[in-house]
Amino acid sequence: MGNSGGSLTTRSTGALHQLMRAAGFTGMDDAQALADGWQVTDFADAGPRSMATLVQRTGTPAIAVSFLDSDVGFIEAALPDGSGWEGLLNRDMAEDYEIPLEQFPIEPAVAGALAWAAAAGLTPDEEAVRQALTGSAQFAEELSAALLVALGLPGAA
């Protein structure tokens, strides 16, 4: 069992990698532009306060998914006002890893995702968000991509 890095999506007009490094992210890949200023980039590792620090410094919303062997995804989303939400992707696989699912309840995650998306100026699809948070896939990255689309991120596929 090992960590296989993660993916960060944010709207940033600054030098994203420099901002990420300063916030404690390491091993960033080239950023991919989505639309309307949103960018996505993969990273190797992040510190415990990296997301909060990045969002405070950029003043823009962000969502990160850290992957465990591409089997499970741990979601952390934050807004500049300090609010955010957490969730889990690929719950069936998480059970195999003996991750306590009760620490990642579905309804608060769905509500948090919808509130995060609305605050970020996006138009989420509640049913698609729920499906991404409860669905199963061979790779958690597939559910992560589905979640970004469900949140209404422009250019996500």
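The values are calculated or read from the model by the stated rules, or taken from the named source; none is laboratory data. Quantities reported herein were computed from a predicted structural model and do not represent experimental measurements. Positions of Cβ are generated from backbone atoms using ideal geometry, with glycine treated the same way; all protein chains shown enter the neighbour counts. Heads up: the accessible areas ignore ligands, DNA and RNA and are worked out on the full protein's heavy atoms, side chains in. Shrake-Rupley method; radii C 1.70, N 1.55, O 1.52, S 1.80 Å.
Contact map, the stretch 110-123: residues that are in a loop (DSSP other than H, G, I, E, B) paired with residues that are among the acidic types (Asp, Glu) and at pLDDT 95 or above, Cβ distance under 9 Å, separation 6+ or inter-chain. No pairs are found.
Could you check the stretch 69-97 and list, in sequence order, the residues that are open to solvent by less than 30 Å² (accessible area, probe 1.4 Å) and either assigned to a strand (DSSP E or B) or free of Cβ contacts under 8 Å to residues at least 12 places away in the same chain (or both)? Once the filter is applied, which keeps residues that are open to solvent by less than 30 Å² (accessible area, probe 1.4 Å) and either assigned to a strand (DSSP E or B) or free of Cβ contacts under 8 Å to residues at least 12 places away in the same chain (or both), the stretch 69-97 yields 72, 73, 75, 77, 78, 85, 87, 88, 89. The number of residues in the stretch 95-117 that are within 16 Å of residue 60 (Cα to Cα) and in contact with a Pro (Cβ under 7 Å, 6 or more places away or on another chain) comes to 3. If you go through the stretch 1-22 and pick out every residue that is open to solvent by 50 Å² or more (accessible area, probe 1.4 Å), over 24 Å from residue 88 (Cβ atoms) and modelled with pLDDT under 90, you end up with 2. Search the stretch 124-150 for residues being open to solvent by less than 60 Å² (accessible area, probe 1.4 Å) and part of a loop (DSSP other than H, G, I, E, B), and hand back the single one that is nearest to residue 5 (Cα to Cα). Checking each candidate, the answer is 137. Out of everything in the stretch 98-119 that is of a type in the set (A, V, I, L, M), touching a helix residue (DSSP H, G or I) at 6+ places or on another chain (Cβ under 8 Å) and surrounded by 15 or more Cβ atoms within 10 Å (Cβ to Cβ), what residue ends up being nearest to residue 72 (Cα to Cα)? Step by step, filter the stretch 98-119, then rank; the result is 109.
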